[in-house]
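Asks: Structure provided below as structure tokens; questions to follow.
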């Protein structure tokens, strides 16, 4: 920049000497010199403008160099005008302040605390769910235990009632003091008294028990008690008596008596006894005892045993 200023000052100092060296006598020379003078003035003027622009540029450069470290380049056009090129400075990076850093750290801590709280809450919910399942299982077990206990209590009560109720059983026993004679006896084998309401019986002669009707048939009407017979535990009464001499009264012919003696035909006694317990209610059904006996008639001796199919030997 100093060399340029020196060159421009040297040129400006040489211009007056060149003008003074031109001849001024002739007319043509005057005419020729006039344009030269005009050119010289124009050059001087242009040189002055360039010098001023250069000085301005130098001053601007010095000012810019004092303001910012980044130089501002300049460019001169053909007309002598100087164009400046502006370079934008980079955007400064924002720096975190201490309060902003504290706020960011606090937010991070809150997020971590929230994550931990959510994890703990999920764990608690799972534990509660498991505990609920255990409680439900315990409740179901308790319910099943209660049902089992209730069923046991009902069964025990029913069995106790069955044990405490009267039981009327029928057996065939020899008639005391009378040979070849028998009594059909009904006895109360239960723990409580029995109230006998009615009883009936029937006699049939068939080949064997397979010839008996599937269900007992009675031709006689029920022998109902006008006043119910009360049987205390262990007491009994005679339902029917049968002697050896009674065989002829039930057989129609001598041939039938002979078949009975040869066991080709059999004599069966069967019947039914209806009774209740003293503790039974009026709407409770009466208990039933069905029985069946086979009278064995020999040539000299006789006997009687319990026999017959299941339908003829039932107890309710």
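Read-outs throughout are calculated quantities, based only on the coordinates presented, and are distinct from any laboratory measurement. These numbers come from a predicted model, not from an experiment. Every residue, glycine among them, receives a Cβ derived from its backbone with ideal geometry; neighbour counts consider all protein chains shown.
Asks: Of the listed peptides 243-252, 147-156, 270-279, what is their order by residue-averaged count of other C-beta atoms within 10 Å, with the highest listed first?
Replies: Put in order of decreasing packing, that is 270-279, 243-252, 147-156.
Asks: How far, in nm, would the chain grow between residue 238 and residue 255 when pulled straight, counting 0.36 nm per residue and subtracting the alpha carbon separation?
Replies: Between residue 238 and residue 255, full extension yields an extra 3.0 nm.
Asks: Still on this structure, please answer the following. Sorted by mean Cβ packing within 10 Å, highest first, what order do the peptides 175-184, 137-146 take?
Replies: Ranking the peptides 175-184, 137-146 by packing returns 175-184, 137-146.
Asks: Using a simple spin-label model with points 7 Å from Cα along the Cα→Cβ vector, what separation in nm is obtained for residue 98 and residue 208?
Replies: In this crude spin-label approximation the distance works out to 12.2 nm.
Asks: Now, a different point. Any idea how far apart residue 185 and residue 164 come out in nm if each label point goes 7 Å out from Cα toward Cβ?
Replies: Spacing of the two 7 Å Cα→Cβ label points: 2.9 nm.
Asks: Using the basic label-point model (7 angstrom from Cα toward the beta carbon), what is the residue 139 to residue 116 distance in nanometres?
Replies: With each label placed 7 Å out from Cα toward Cβ, I get 3.6 nm.
Asks: Follow-up question, since we're still on this one. On full extension of the chain, what length is gained from residue 284 through residue 154, given 0.36 nm per residue of separation minus the C-alpha to C-alpha distance?
Replies: Once the chain is fully extended between residue 284 and residue 154, it gains 45.0 nm.
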